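A short reminder: the numbers here are calculations on the coordinates, not readings from a lab. Treat the numbers as computed from the prediction; the structure is a model and nothing was measured. Don't worry about glycine lacking a Cβ; one is built from the backbone with ideal geometry, like all the others, and counts go over all protein chains shown.
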């Protein structure tokens, strides 16, 4: 991978922006792509790198967008005869480059890590940070007395509850935010209110039922909505009989994992936005109408093409590409 692609991937990951890494894993002559060629496609459709001729870009960008929506990798096979490439685990699509070669491209969506937002500097918070990092979470810790090194496993430390970074996330990021309050008697009300303000997918409070009932009454008196408080889990964590801070942290993360998996299993796949598409009459490639660069008119109808060569071929002999196939002709009765 070129150094600039590595740097771009690192920058996007640092900012928590999703993207797709694409790599050529197989090619057959005469394709200009080489095995190991790579590209990076961002959420807005920006394309960086090289995967062969420009004729592959529309297909790769479309499939990359789908990979970001469903979070699943895919293996594309672009071939002049895609029907021959159809097999389990392969998305077979037509290759429109004039070279006549074929290329297989692997797409890997890179999504932001789920985020664990911890309030307090208690032993439970330190254990949660360590276990959370081991499970691949981004870990933020919030406490008035937070100082550098207070929680070594944390990615970020904030020493006030109104930090700009604690604003509620939007979109899919909101479904990947999990908050835990383990302030253990200091700034409990402020921490729960700040945690609720981030609108996390899960909020657990490490406290006894009696203590949380007191917290709830205080927060209601301050104007916090009862509906929001009903979504708080206290005591936090699955009932594992945990006693040690590390055991409590384990029970909380087990509850978070359970919630994530149940939601993933129950959720319907996110619908892919419908775009108007037309078939290139020359090569059969699907062309997105909204972004089509090669267009031609014939007998009052507009046709869309994946590249200028297809357009030239069509305009030179439209009838050749508009003849109905024998399979669609109306059969005649035997006399």
Ranked from fewest to most other Cβ atoms within 10 Å of their own Cβ, 30, 178 fall in the order 30, 178
Treating every alpha carbon of region 115-266 as one equal point scatterer without solvent, the Debye formula yields log10 I(q)/I(0) values at q = 0.13, 0.16, 0.20 Å⁻¹ of -0.53, -0.83, -1.36
Plugging the Cβ-Cβ distance of residue 276 and residue 230 into 1/(1 + (r/R0)^6) at R0 = 35 Å yields, to the nearest 0.05, a FRET efficiency of 0.20
With Cα coordinates, the longest principal axis of the chain makes an angle with the long axis of helix 188-197, in degrees rounded to 10, of 10
Distance in Å, no decimals, from the C-alpha centre of region 1-64 to the one of region 69-118 is 11
Note to self, the chain gives a 222 nm [θ] from helices alone (DSSP H runs n ≥ 4, -39500 (n - 2.57) apiece, / all residues, nearest 500) of -9500 deg cm²/dmol
Under 16 Å by backbone N from the virtual spin label 7 Å along Cα-to-Cβ at residue 57, the residues of region 1-24 are 22
Each label sits 7 Å from Cα toward the beta-carbon; between residue 222 and residue 301 the label points are separated, in nm, by 6.7
Percent antiparallel among DSSP beta bridges confined to the chain, rounded to 5, stands at 60
Distance in nm between residue 48 and residue 6 label points, each 7 Å along Cα→Cβ, equals 1.4
Length gained if residue 15 through residue 197 is fully extended, taking 0.36 nm per residue and subtracting the Cα-Cα distance, is 63.3 nm
hull vol. (C-alpha, convex hull) per residue for region 12-110, Å³ -> 85
